[in-house]
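Encoded as structure tokens, the structure appears first; notes follow it.
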């Protein structure tokens with residue numbers, strides 16, 4: 001059993017957590033906190049949660065071992081799936097955590113080492129809202145588990161939007 005606290009591990013975990021919270025706040029244009037559901041008076045499409053966190057790594061296998069040893073993340077095939085239940089519902093949700101090699105094309109032209117996948121309730125309405133705000137939509141793609149779109153924020157971070165398939 002380890003008695004010594006690994007400061008680097010704690011710092012990395014704190015930095016990643018802060019980056020996620022700041023990204024959510026920036027994407028929703030509000031202070032970090034609970035998301036505000038859209039109402040008839042407020043029809044702005046909003047992110048409903050985080051569907052995934054993707055990290056570039058120089059050595060994905062070594063990084064997977066580090067996360068397994070220090071944070072208990074059990075990844076298989078390069079990703080881990082965190083399962084949870086939606087509030088006030090029996091519907092099961094998923095958040096994916098994955099490592100990619102630094103030369104991946106999945107992050108598009110972004111040189112950022114992190115990409116976050118945001119869940120949205122209605123991708124078409126979100127894309128119309130983004131286009132109306134002058135945001136370029138890079139790609140839209142259908143998959144067995146939902147629809148995806150990719151955009152880049154003003155600082156060059158690639159953002160993945162995901163509307164899960166209705167059950």
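All of the numbers you see were taken from the coordinates with simple rules; none came from a lab. Predicted model only: the values in this text are computed from it and were never measured.
Classify segment 41-117 as rounded, prolate or oblate from the Cα gyration tensor: take a ≥ b ≥ c as the square roots of its eigenvalues, call it rounded if a/c is under 1.5, otherwise prolate when a/b beats b/c and oblate if not. Verdict is oblate for segment 41-117. Length gained on full extension, residue 105 to residue 74, computed as 0.36 nm times the residue gap minus the Cα-Cα distance: 8.7 nm.
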